[in-house]
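Dropping a structure here in structure tokens format, bear with me for questions.
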Amino acid sequence: MTLIAWIDHAAVLVFALTGALVASRAQLDIIGFAFLAILTGVGGGTVRDVLLDRNPVFWMADPTYLGVAVIAAFVVFFTAHLFESRYKAILWLDAAALAFAVAAGANIAATLGQSAAIVVAMGTVTGCLGGLMRDVVANEVPLVLKQGELYVTCAVAGASVMAFAPMLGLSQTTTVLAAAAITFALRAGSIAFGWSLPVYKSRPPRN
Amino acid sequence: MTLIAWIDHAAVLVFALTGALVASRAQLDIIGFAFLAILTGVGGGTVRDVLLDRNPVFWMADPTYLGVAVIAAFVVFFTAHLFESRYKAILWLDAAALAFAVAAGANIAATLGQSAAIVVAMGTVTGCLGGLMRDVVANEVPLVLKQGELYVTCAVAGASVMAFAPMLGLSQTTTVLAAAAITFALRAGSIAFGWSLPVYKSRPPRN
Amino acid sequence: MTLIAWIDHAAVLVFALTGALVASRAQLDIIGFAFLAILTGVGGGTVRDVLLDRNPVFWMADPTYLGVAVIAAFVVFFTAHLFESRYKAILWLDAAALAFAVAAGANIAATLGQSAAIVVAMGTVTGCLGGLMRDVVANEVPLVLKQGELYVTCAVAGASVMAFAPMLGLSQTTTVLAAAAITFALRAGSIAFGWSLPVYKSRPPRN
């Protein structure tokens, strides 16, 4: 398995862990865990593949991705009580998954020869939509839209590395690692140190 | 119309009834009823067809499916007050629709020669996603994720019949009926007798 | 740029403005504004293109649509405080966007030679799903399902013009303008004068 295939599987695995952790907060059964783990794990990449018209979709071409997500669900079902704060675990695992998924997703678009705008869009879609589906279905406030935190910004920044690195003559492996590293560094900085962009401030009228 | 085409239409019709009943709970107008009926009726099968790259999507190839859903919307608009408990009606109709849709969806994947994992996945997608869209859009707690009930489990079990029956040498019609029967029996047992799998138990921290 | 291309871009732009205004109500940062603007602006058309199997999807064929949505996000980020009522601004801009999107979406299906049912469906999908995604993701009550207001009805009526105008021998441009005008007129009448269809009335049991 190449490094890039490894990162691809890691993105599914780690997102699946966050889906299963959300399932534990909702106190579902093991099949509910597997459902949310699969939805979160493969959701973003599925939208990416449908948009890019890749046939078959990655997890249909290689159903081991589904197996990976199911294993994640089982692991969490029997170990979630060991986490001191499951919310914190979700946050940090989600940050790692975001980094892997953005890099893997943007890399797929780049490999297909897509333009810079589409590479950035596909990295962002792959990184953000699985977690967004998880949060919408489980009725949690979407991490994507959490006020005063960097999230989509990290995805856009990481995917931009992928879009513009070819101009620097970097190898594909280096670029993928750099994209993942920048995505994770920004997200980690936001979680740990409160890094953020200025938010829109005027008091929102809700009339 | 073959038995299988009949089951296919029945899945759309009965899911559409549940969509219209949810519309009645939200007190929408007749077009709102039709919108939710169509979304619920064809939602799961649409995702299945997009994933399987079937072109055109089933209701675009045969728009009578849309007509079926619209009729369901009209019927419910004028009769919903006759139900003693619309929530109970939704539950039981949804159970029937789940059974039809899982069998029809898994059968389509099997007919295309997909692997067992994909047959199970497509049955589950067809069965679960229409109702999930209905609940997310109408802001109800998704039935799919209702604590302490079998739901996705029924879909996975029914679709597994479809995936593994060929090994038993059963005819296609028998297999489709068996898949629907098992899905419905499990779901009915869960609604009526509280059948369930153990749920994840530790108290969920919401910090 | 032809009139029809202009309407197509206008639909994305104006829906993007509503997405950004919803972002301002949620007090997001500029990238959050851009994310919701893009989702709302291209969401409906993306579903339409996936269903119609148009490859590539319109904004991948021409990424200036993404640029248009990003510009809308920037404009709103720096000017949203100027609106007396952002909710009212969202309502009226959404009405205009609905009109443009229904006409543009139905026209694309008509140009592809689809049947009347599919033309109406694609107009409705293009008009309604971007705003629906915006509202579901931002956890607002979907405008599509607002009680006692015409919404989907306006889309269906406007798209029907597109489906049946060829029988009257009208030119494509006239038809597109008529479809947009009727959609907007109905929606405006509903917002301004309370035009509505009878809603389902029996008290909804929530047991």
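The values are calculated or read from the model by the stated rules, or taken from the named source; none is laboratory data. Because the structure is a prediction, the values reported are computed rather than measured. Neighbour counts are summed over all protein chains in view; Cβ atoms, including those assigned to glycine, are modelled from backbone coordinates with ideal geometry.
Among the residues in the range C:192-205, are any closer than 22 Å to C:Leu13 by Cα and of a type in the set (A, V, I, L, M)? Talk me through it step by step, then tell me what you get.
Our first condition is that a residue be closer than 22 Å to C:Leu13 by Cα; within the range C:192-205, this holds for none.
So far as the range C:192-205 goes, no, none of its residues is closer than 22 Å to C:Leu13 by Cα and of a type in the set (A, V, I, L, M).
Checking the structure you have, find out if any residue of the range C:112-119 is among the aliphatic types (A, V, I, L, M), modelled with pLDDT of 95 or more and closer than 29 Å to C:Ala192 by Cβ.
Yes, because at least one residue in the range C:112-119 is among the aliphatic types (A, V, I, L, M), modelled with pLDDT of 95 or more and closer than 29 Å to C:Ala192 by Cβ.
Within the range C:140-154, count every residue that is at the interface with another protein chain (Cβ under 7 Å from one of its Cβ atoms) and surrounded by fewer than 18 Cβ atoms within 10 Å (Cβ to Cβ).
1
Also: Based on this model, can you work out whether C:Gly158 counts as small (Gly, Ala, Ser), crowded, with 24+ Cβ neighbours inside 10 Å and touching a residue at least 40 places away in the same chain (Cβ under 8 Å)?
Numbers: small (Gly, Ala, Ser): yes; crowded, with 24+ Cβ neighbours inside 10 Å: yes; touching a residue at least 40 places away in the same chain (Cβ under 8 Å): yes.
Yes, satisfied.
If you go through the range A:20-71 one residue at a time, how many are in contact with a strand residue (DSSP E or B) (Cβ under 7 Å, 6 or more places away or on another chain) and either small (Gly, Ala, Ser) or surrounded by fewer than 24 Cβ atoms within 10 Å (Cβ to Cβ) (or both)?
2
Now, a different point. Filter the range C:34-79 down to residues that are polar (S, T, N, Q) and under 19 Å from B:Asn55 (Cα atoms) and give me whichever is farthest from the chain's Cα centre (by Cα). Steps first, please.
Of the residues in the range C:34-79, the ones polar (S, T, N, Q) are C:40, C:46, C:55, C:64, C:79.
Imposing the further condition that a residue be under 19 Å from B:Asn55 (Cα atoms) reduces the set to C:46, C:55.
On the way: C:Thr46: 12, C:Asn55: 21 Å.
Result: C:Asn55.
For every residue, the table says whether it meets (1) without any contact (Cβ under 8 Å) to a residue 60 or more places away in the chain; (2) within 23 Å of C:Ala192 (Cα to Cα); (3) within 10 Å of another protein chain (Cβ to nearest Cβ).
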site	(1), (2), (3)
C:Ile30	yes, no, yes
C:Gly41	no, no, no
C:Val47	no, no, yes
C:Pro56	yes, no, yes
C:Phe78	yes, no, yes
C:Ala106	no, no, no
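Kindly provide the set of residues from the range B:119-139 that are closer than 19 Å to B:Pro166 by Cα and either surrounded by fewer than 24 Cβ atoms within 10 Å (Cβ to Cβ) or of a type in the set (Gly, Ala, Ser) (or both), ordered by number.
To start, the set of residues in the range B:119-139 that are closer than 19 Å to B:Pro166 by Cα comprises B:119-124.
Listed by number, the residues that qualify are B:Ala121, B:Gly123.
Test B:Ala37 against the criterion of being under 22 Å from B:Val141 (Cα atoms) and without any contact (Cβ under 8 Å) to a residue 40 or more places away in the chain, and give yes or no.
On the way: under 22 Å from B:Val141 (Cα atoms): yes; without any contact (Cβ under 8 Å) to a residue 40 or more places away in the chain: yes.
Answer is yes for this residue.
Considering (1) within 12 Å of the chain's Cα centre (by Cα); (2) facing chain A (nearest Cβ under 10 Å); (3) among the hydrophobic types (A, V, I, L, M, F, W, C), say which one C:Leu93 fails and leave the rest.
Unmet for C:Leu93, out of (1) within 12 Å of the chain's Cα centre (by Cα); (2) facing chain A (nearest Cβ under 10 Å); (3) among the hydrophobic types (A, V, I, L, M, F, W, C): (2).
State whether the residues of the range B:73-87 include one that is crowded, with 24+ Cβ neighbours inside 10 Å and in contact with a Phe, Trp or Tyr (Cβ under 8 Å, 6 or more places away or on another chain). Talk me through it step by step, then tell me what you get.
Taking the range B:73-87 as the starting set, the residues that turn out to be crowded, with 24+ Cβ neighbours inside 10 Å are B:73, B:76.
From what's left, in contact with a Phe, Trp or Tyr (Cβ under 8 Å, 6 or more places away or on another chain): B:73, B:76.
Yes: the range B:73-87 contains one or more residues that are crowded, with 24+ Cβ neighbours inside 10 Å and in contact with a Phe, Trp or Tyr (Cβ under 8 Å, 6 or more places away or on another chain).
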